[in-house]
Amino acid sequence: MKDIETRLDIGLLMSEFYNRLLADPAISYIFTDVAKIDLEAHLPHLTDFWELSLFHTGNYKKNVMQLHLDLNAKESLTDTHFDIWLSHFNTTTDTLFTGSNAEKIKTRALSIATIMKIKIQSA
């Protein structure tokens, strides 16, 4: 296996990750019934976000925290949801990639999930 090296690698990771999330009934309803995401339209934004987070490049401009606060107002995002999300993120990353960037993106995901949980609980 190789490390995450390009935007295409991040796109593959996001596609596989969301396929796992959408197949998990414990969390899929948040994306399908609450947020009602169009995955094909959403994937480029996810890739932009993680490209900026991992490589400090790209053009992600949205306020990811506010998007999740708005989502939480519709459906409470619980510690369990974050744990499931993080588990799928880590498993997908480990299935597809190995190396320093793969470890870095998992660390960033943990940091982001932790910050979001804290901000959502204090909102």
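General observations
- Matching option when the condition is touching a Lys or Arg at 6+ places or on another chain (Cβ under 9 Å) and in contact (Cβ under 8 Å) with a residue 60 or more places away in the chain, among Asp9, Asp48: Asp9
Each row is one residue, and each column tells you yes or no for (1) surrounded by 12 or more Cβ atoms within 10 Å (Cβ to Cβ); (2) at negative phi; (3) at pLDDT 95 or above; (4) not charged (D, E, K, R).
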| site | (1), (2), (3), (4) |
| --- | --- |
| Gly11 | yes, yes, yes, yes |
| Pro25 | no, yes, yes, yes |
| Ser28 | yes, yes, yes, yes |
| Leu39 | yes, yes, no, yes |
| Met65 | yes, yes, no, yes |
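- Test: Leu21 is under 11 Å from the mean Cα position of the chain (by Cα) and either part of a helix (DSSP H, G or I) or β-branched (Val, Ile, Thr) (or both): yes
Listed here are the residues, each with its yes/no results for (1) surrounded by 17 or more Cβ atoms within 10 Å (Cβ to Cβ); (2) within 20 Å of Leu52 (Cβ to Cβ); (3) free of Cβ contacts under 8 Å to residues at least 12 places away in the same chain.
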residue	(1), (2), (3)
Leu69	no, yes, no
Ile84	yes, no, no
Ser87	no, no, yes
Thr93	yes, yes, no
Gly99	no, yes, no
Met116	yes, yes, no
Ala123	no, no, no
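- Selection of helices (runs of 4 or more DSSP H) fully inside region 25-123 by the criterion of at least 1 residues being small (Gly, Ala, Ser), within 18 Å of Gly11 (Cα to Cα) and in contact with a Ser or Thr (Cβ under 8 Å, 6 or more places away or on another chain) returns 100-122.
The values are calculated or read from the model by the stated rules, or taken from the named source; none is laboratory data. The model shown is predicted, which means the values in this text are computed figures rather than measured ones. In this analysis, Cβ positions are derived from the backbone assuming ideal geometry, glycine residues included, and neighbour counts consider all displayed protein chains.
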